[in-house]
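Remarks on the structure that follows.
We did not get these values from a lab; they are worked out from the coordinates using the rules stated. Predicted model, so just to flag it, every value in this text is computed and none were measured. Positions of Cβ are generated from backbone atoms using ideal geometry, with glycine treated the same way; all protein chains shown enter the neighbour counts.
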Amino acid sequence: KIYYASRTAPVNIATLKYWGKRDKDLNLPTNSSISVTLSQKDLRTLTTASCSEVFEKDELWLNGQSHSLDTPRTQQCLSDLRKYREELEARDESLPKLSKMHLHIVSENNFPTAAGLASSAAGFAALISAIAKLYELPQTASDLSKIARKGSGSACRSLFGGYVAWEMGELENGEDSKAVEVAPLSHWPDMKACILVVSDDKKDVPSTSGMQLTVKTSPLFQHRIEKVVPQRFEEMKKSIVEKNFPLFAELTMKDSNSFHATCLDSYPPIFYLNDTSKRIIKLINLLNDSVGEIIAAYTYDAGPNAVIYYEQKNESRVLGLLHAVFKSVDGWQKIDVKSLTPPSIELDPTWGSGVSRVILTEVGAGPQDSDEV
Ligand code: DP6
């Protein structure tokens, strides 16, 4: 007999960045962070977890290719989930002993890995979510987020939809370092995101080693976690609760700047933004200046891709500018470009290079059941 369950999980993009660990093994952060969960119509991981007495070892297939489950982080996640299942089996003798069986995991993204989007957050969230469903665990999304966190820090935020905070916690065992909902999708559903995929040949410094270097070498980083983030965390949560876009956007851009400043302050320095990324920052500032109000926010993770947040009501103006500059790239089919507002800014014809595609998406829901297997 084979037991199986499928779940999907979303990508999230931080608006207040996690950068720095105080405990590498438990993946405990040096600061709290905030993110927006993106719609699974455009970006999601679908994972089917199965177990059976006939399986001889734990195995994982990612987008059709066999991968090792033998990393310490994944092993930690599997062992936590098995422990919860054992507790159920100990209480109820009639339950099948799934905790003793090997797992086969099949995982697929609905977006090309080549798009250069970090998929580890959706990946770990879907893995944990699918196994929790297979094991019929009673644990809450916040409980499961602590397991996802051990897989990849940012993954803990993908256990919720809408607007999410990862509270850093204080305990040494990490039991209070978990994701919580700031506001559900329904509270502020008209938040849109435009991802500009920036072409890039060079291999970035992976986030895990990048943040270790920053913690070790950047004096600016100490200032960020002590003096900047704690207050910003409270202000950003408030801006979400009050749906104050200009404030939310300003804090988001400032936090992206602050995070990349600590990267530059690391020794040797880490560069994630390239010339195209910087040009997009300037464009968004020009747009906000020309309108006289902040209607769009940029943010960048550990790579050159831009994520632009804006509200539905300003779509025509925000995409009007971005389309005018990047009209030759793939991804605009989704909208009626003729209805966009032409930009009032004078554009340089050379600005359009460096972006390979756009992904138009929006705030979305948390992990979902899936019938696909
Ligand atoms: C810049 O979650 O990928 O995207 O915990 O080592 O797996 P690990 O790091 P990861 O770091 C994400 C860093 C970031 C900011 C963020 O998502 O908050």
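Of the conditions (1) more than 10 Å from the ligand (Cβ to nearest atom); (2) under 30 Å from Ile335 (Cα atoms); (3) assigned to a strand (DSSP E or B), Lys41 satisfies every one except a single condition; which number is it? Answer for Lys41: the failing condition is (3).
Count of region 309-328 residues, restricted to those that are crowded, with 20+ Cβ neighbours inside 10 Å, away from the ligand (no atom under 16 Å from the Cβ) and within 22 Å of the chain's Cα centre (by Cα), is 1. Residue count for region 287-317 satisfying the condition of being touching a residue at least 60 places away in the same chain (Cβ under 8 Å) and farther than 24 Å from Ser258 by Cα: 3.
Among the residues of region 1-53, none is identified as among the aromatic types (Phe, Trp, Tyr), within 19 Å of Pro206 (Cα to Cα) and surrounded by fewer than 21 Cβ atoms within 10 Å (Cβ to Cβ).
When the residues of region 1-30 are filtered to those that are within 10 Å of the ligand (Cβ to nearest atom) and among the aromatic types (Phe, Trp, Tyr), the one that is farthest from the chain's Cα centre (by Cα) is Trp19.
Each residue in region 52-81 was checked for being among the acidic types (Asp, Glu) and more than 19 Å from Lys150 (Cβ to Cβ), and 3 pass. Exactly one residue among Leu247, Leu220 is surrounded by fewer than 22 Cβ atoms within 10 Å (Cβ to Cβ), touching a helix residue (DSSP H, G or I) at 6+ places or on another chain (Cβ under 9 Å) and within 23 Å of Lys24 (Cα to Cα), and that residue is Leu220.
Restricting to region 206-223, what's the tally of residues that are over 15 Å from Ser152 (Cβ atoms) and within 11 Å of the ligand (Cβ to nearest atom)? Result for region 206-223: 1. The set of residues in region 115-155 being touching a residue at least 40 places away in the same chain (Cβ under 8 Å), in contact with a Ser or Thr (Cβ under 6 Å, 6 or more places away or on another chain), within 10 Å of the ligand (Cβ to nearest atom) and not in a loop (DSSP other than H, G, I, E, B) consists of Ala121, Phe124. Looking only at region 164-202, how many residues end up being within 16 Å of the ligand (Cβ to nearest atom), over 16 Å from the mean Cα position of the chain (by Cα), closer than 21 Å to Leu144 by Cβ and among the hydrophobic types (A, V, I, L, M, F, W, C)? Total satisfying the criteria: 1. Scanning region 56-74 for residues that are surrounded by 14 or more Cβ atoms within 10 Å (Cβ to Cβ) and either among the basic types (Lys, Arg) or free of Cβ contacts under 8 Å to residues at least 40 places away in the same chain (or both) returns His67, Leu69, Arg73.
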